[in-house]
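Single-structure report; data block below.
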Amino acid sequence: MQDRNLEAAREKIVDSLVSTQDPTCMTKKSELDFVTELDLEVSEVNSDNESDSENSVTVENVEGQEIVDLAIQNSNKTADQDILKTLPAGSVYGRVVSIAKLSLRLCFTLLDTNMRTLYSNTSDLGWDEDQKWAEMNDPLMYYIILPSIGFTSFQYCMEDDLVHDKHCLSPMLYCYELQLQQSCKRAGWGSLLMNILETLAIKYNMKKIKLTVFKSNTSAIQFYQKLGFTIDCTCPSLHYSPKRSKTVSYYLYSKQL
């Protein structure tokens, strides 16, 4: 039987994850399933240490959420213009509320073209057009759109993490999408957008950049690896049995900042 104090701390982490994420988001829901199903190692410690550990998780969550809140409050086209100056003329940057619906629809069409088959070929996810559209319209979603080239979408958020082999939540920039027109791939645009995300993440004190990539998308995996991304410590494939891992269609990749 797990220690009650550790279990209470674990529940706080899960509750915090649920309260800060859009429940329609495939990526977040998959990670939540992972958090709630993963067996945690329990070591024998005295009650004082257990109490201190529980309090430290709470403090870290509060401090991390404050960092995320400040990023959301301060990150905008004006504040980040020094970072965005490398973008081509006509580029669009901002929260989804500031993005024209036509531009958002064009982004969705590109996502559909590039990713529908990859999603449809999975047994654990599948393609859900309504769910994807809802995810793209999440009020906390940011966009960088390069007309006729592609786009990236991301959020500043609290994400599942491991620190000293213990679960916690850490402030991260989560890259939801990086989509390019076929004719614009291998021309440096993807690297440019990812470099901008990294600069934004550093500016706003995020701990990592994190993303999801399909196991079958080998070209994307190689691209992220060249940029310094590695399999994240919370990736299900690192913790599930080999048999169960085969049922998961994606990896979680991240880059420590």
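The values are calculated or read from the model by the stated rules, or taken from the named source; none is laboratory data. These numbers were taken from a predicted model, which means no experiment stands behind them. In this analysis, Cβ positions are derived from the backbone assuming ideal geometry, glycine residues included, and neighbour counts consider all displayed protein chains. Surface accessibility is based on the protein's heavy atoms, side chains included, excluding ligands, DNA and RNA. Shrake-Rupley method; radii C 1.70, N 1.55, O 1.52, S 1.80 Å.
Could you work out the pair-distance distribution P(r) of the stretch 133-172 from its alpha-carbon pairs, with 10 angstrom bin width and percents rounded to whole numbers? It works out to 25, 35, 26, 13, 2, in whole percents. Only protein atoms count toward the accessible area here, which uses a 1.4 Å probe; on the stretch 108-177, the carbon and sulfur part of that area reaches 48 percent. Net charge in the neighbourhood of Leu169 (other residues with Cβ under 9 Å of its Cβ; Lys, Arg +1, Asp, Glu -1) is -4.
Could you bin all the Cα-Cα distances of the stretch 144-222 into 10 Å bins starting at 0 and give me the percent of pairs in each, rounded to whole numbers? Spelled out bin by bin, the stretch 144-222 gives 17, 44, 31, 8, 1 percent.
Is the C-alpha gyration tensor of the stretch 69-188 telling us rounded, prolate or oblate? Criteria: a/c under 1.5 is rounded; beyond that, a/b larger than b/c is prolate, otherwise oblate. Each step should come with its number before you reach the end.
On the way: a/c = 1.66, a/b = 1.05, b/c = 1.58.
Oblate is the answer for the stretch 69-188, as a/c is 1.5 or above yet b/c matches or exceeds a/b.
If you take all other residues with their beta carbon under 15 Å from the beta carbon of Leu180, and give Lys and Arg +1 and Asp and Glu -1, the sum is 0.
Checking the Cα-Cα distances for Lys203/Lys246; Lys210/Lys246; Lys185/Lys243; Lys203/Lys243; Lys132/Lys210 against a 29 Å cut-off, the pairs over it are Lys203/Lys246; Lys185/Lys243; Lys203/Lys243. If you take every residue apart from Lys207 with its C-beta less than 14 Å away from the C-beta of Lys207, what net charge results, scoring Lys and Arg +1 and Asp and Glu -1? Neighbour charge sum, excluding Lys207 itself: -4. Subtracting the Cα-Cα distance of Ile202 and Ser103 from their residue separation scaled by 0.36 nm leaves 32.9 nm. Leu178 contributes an accessible area of around 30 Å² to the protein surface, as traced by a 1.4 Å probe with all chains present. Distance from the Cα centroid of the stretch 207-229 to that of the stretch 82-118 is 20 Å (rounded to whole angstrom).
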